Amino acid sequence: MKMRVVMLLWAVVLCTACGTTVVENVVPVSRESAAGAAKRVLVMPFSDYTPDDALYNYWYRNILVNEALSDELVRYGFGSVVYEEVIAYLLDKGFIKQAEPQISRTMDMDVLEKELAKEWSPGMKAELFRALYLNQASRSQQAPSQGYWDNEKRVVLDTKAVREMGRYFAADYVLRGRIVVFKSGQEDSFNPFQTGLLPFFFKVGSRTVFGVAQSDTYELIDKMAIGGLIGAAVAPDNWPLKDDDKELTGHPRFGGQVVSAEDYAEWNTLIWGATGAGLAFLAHKGGRVDHAVVQLRVIAQDVRTGYIVWSNRAEVKVTPKTVFGEKDAEALTSEAVRHAAGRLIDNFVASLTGREVVRSRTDGSLYVTAAGGTLAPEKTKYGTIYVGPPPATVTP
């Protein structure tokens, strides 16, 4: 009987171990509204004004923005233009060109710039600035004296160019814009659900007693001081080193006597103080909340006239709700881009149709975009457009 039970359990384990787990990070978007009326929208590459040290990151940002806007346009029933065809057209007309390697920059200059972003002393930063300046001056002397505009043809994407592009792709609107802010990092938070209990406790104590420190190193010293003081204050006299109450120095008949044993209270205070400072050190290494911030400016131009008919911007900041939430910078950034694109296209549709747009979030909450705008017709069937949340992760 026991052998049959064991065999049955092994069979269950083998059966459940087979197969795969499928996680859909991006769910295909379906049309949820006919507000677009099948009008074609051409999404152009965005101007990127954010600092970075790699050309690949600029290209990656544009891809994220374009994909998010394209998904939202499909959601409202707009037609789209193939992004690669738009790039080929702009290259052929000379509006953009393939990136050339920056000969004037060297690896040592990149290293110096990254060191300048760290918390060095003013004297050290002055030396780094001097080294960077001398390096740049040396490269400038070696570079050719011919200016950039002497060998580059200046081509302006003006109203006439937009109209020609619209006719070429049979589009109704051209969407272009700017990436104003695109960054990810870590920030301080006083929410214990986001930081954890120990980082929250020591951060509140440090800021309450010492205020805001001048640098991250001083912040660490402040927290360790708080931890050491609290540990010393709550230290018991008889733990972890336990002293005997009395000690016999010899037999009483031969002059022996009972004396008090060695007191370990000071050692226990020292141990507890060091433990509190160590916990503060560990808490300082954690407790940072990851975030991603994206700000986009989007402009819509009518291809028949080339005039700007709509313009707006949105900035979105995404942080995990708790310490167990998503902390990957790329995942947070992608979510911020999708959210900003959704808000902007909601506003564009509300301006185009004169109708209120209500979008539901993945957590069940709603946000509303007011009706009306520069494109709204004078007479329209006022109503509400309901759309769902952006594509979310699905685990079957």
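The residues of segment 263-387 expose, per residue, 52 Å² of accessible area to a 1.4 Å probe. Here the accessible area of segment 263-385 is 54 percent carbon and sulfur, with a 1.4 angstrom probe and all protein chains present. For the set Trp120, Trp272, Trp10, Trp310, the ranking by accessible area, highest first and with no ligand, DNA or RNA atoms included, is Trp10, Trp120, Trp272, Trp310 under a 1.4 Å probe. The distance separating the Cα centre of segment 293-324 from that of segment 206-235 comes to 42 Å. Taking 0.36 nm per residue of sequence separation and removing the Cα-Cα distance, the Tyr168/Asp108 pair yields an extension gain of 17.0 nm.
Distance between the 7 Å Cα→Cβ label points at Leu282 and Asp363: 3.0 nm. Using the Cβ-Cβ distance between Leu241 and Leu116 with R0 = 56 Å, the FRET efficiency computed as 1/(1 + (r/R0)^6) comes to roughly 0.70. If the chain linking Val156 and Val234 were pulled fully straight, counting 0.36 nm for each residue of separation and taking away their Cα-Cα distance, it would gain 20.9 nm. Between the alpha-carbon centers of segment 41-64 and segment 339-357, tell me the distance in whole angstrom. Cα centres, segment 41-64 to segment 339-357: 23 Å. Accessible surface of Thr374, taken over heavy atoms with a 1.4 Å probe and every protein chain present, rounds to 110 Å². Using a simple spin-label model with pseudo-atoms 7 Å out from Cα toward Cβ, Phe129 and Leu197 lie 4.7 nm apart. At full extension, Ser47 and Thr322 could sit 95.6 nm farther apart than now, given 0.36 nm per residue minus the alpha carbon distance. Of the chymotrypsin sites (Phe, Trp or Tyr not before Pro) found in segment 26-65, the ones in coil according to DSSP and having at most 16 other Cβ atoms within 10 Å of their Cβ are Tyr49. Computed from backbone phi with θ = phi - 60° and the Karplus coefficients 6.51, -1.76 and 1.60, the 3J(HN,Hα) list for segment 352-363 is 6, 9, x, 10, 6, 10, 10, 10, 9, 8, 5, 8 Hz; x is used for glycine and proline. Note: relative contact order over segment 284-337, using C-alpha pairs below 8 Å and six or more positions apart, is 40 percent. Among the listed pairs Lys183/Lys223; Lys125/Lys203; Lys93/Lys160; Lys114/Lys203; Lys183/Lys327, those whose Cα-Cα separation exceeds 24 Å are Lys183/Lys223; Lys125/Lys203; Lys114/Lys203. Solvent-accessible area of segment 192-246 (1.4 angstrom probe, protein heavy atoms only): carbon and sulfur portion equals 65 percent.
The values are calculated or read from the model by the stated rules, or taken from the named source; none is laboratory data. From a predicted model like this one, the values you see are computed outputs, not experimental measurements. Every residue, glycine among them, receives a Cβ derived from its backbone with ideal geometry; neighbour counts consider all protein chains shown. Keep in mind that these areas ignore ligands, DNA and RNA; they rest on the heavy atoms of the full protein, side chains included. Shrake-Rupley method; radii C 1.70, N 1.55, O 1.52, S 1.80 Å.
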